[in-house]
Amino acid sequence: MSLPTIKPAEARRLLESGALLIDIREADEHAREKIPGAQHLPLSKLDEADFALHRGKPVIFHCKSGARTQANAPRLATKLTEPCEAFIVEGGLDAWRKAGLPVVNDRRQPLELQRQVQIGAGSLAVVGTLLGLFVSPWFFAVPAFVGAGLVTAGVTGFCGMARILMRAPWNRSVYAPNAGHVIGP
């Protein structure tokens, strides 16, 4: 089942009438930037969610760009235990922001984990390449190792660098065992 999309302005009108807005992004993304009043339900915890407390209210799902929500629309629709109006914000948080609607930014929160991995992998590749060119060709092993790690992450879904970064001091508040909020009791 596919969920219909609505423009951000229409989503806001529904919110003002009592609809429930659900952010399906992961904890690190939600902590840094969010729509005021949005409930947090990361896709990784969707199976634990209980929508029974929100009967009778329209439900609006959003992610950053709308792509993740669209890709998971059938899965999201199955969580709605009784027939109700359900929508996806067209263009997600990005479109919401572009429409001039309110967004809460907390720059004290760490960058999203994916961006941290990109920065770390890119930095290691550049430094390893420069050291390989100017110090010793043995340093070319560093970008080769990073490349192999990225290929492994893409093929298997396991990213060792992300696992290490999750334990970094600046990420502990986001990735603590009870940091994520799940809708329900």
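The values are calculated or read from the model by the stated rules, or taken from the named source; none is laboratory data. These figures come from a predicted structure and were not determined experimentally. The area values use the complete protein model at the heavy-atom level, side chains included, leaving out ligands, DNA and RNA. Shrake-Rupley method; radii C 1.70, N 1.55, O 1.52, S 1.80 Å.
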## Note on the structure
Surpassing 20 Å at the alpha-carbon level, of the pairs Lys45/Lys79; Lys34/Lys98; Lys34/Lys64; Lys7/Lys64; Lys45/Lys98, are Lys45/Lys98
### Accessible area of the chain belonging to carbon and sulfur atoms, whole % at 1.4 Å probe
61
### Query
Can you give the % of DSSP beta bridges in the chain that are antiparallel, to the nearest 5?
15
### Query
Per Stokes-Einstein, at 10 °C and 1.306 mPa s, what whole-number D in µm² s⁻¹ belongs to the chain, with the Kirkwood radius over Cα pairs as the hydrodynamic radius?
86
### Query
When ligands, DNA and RNA are left out and all protein chains stay put, how many square angstrom of accessible area per residue does the chain have with a 1.4 Å probe?
57
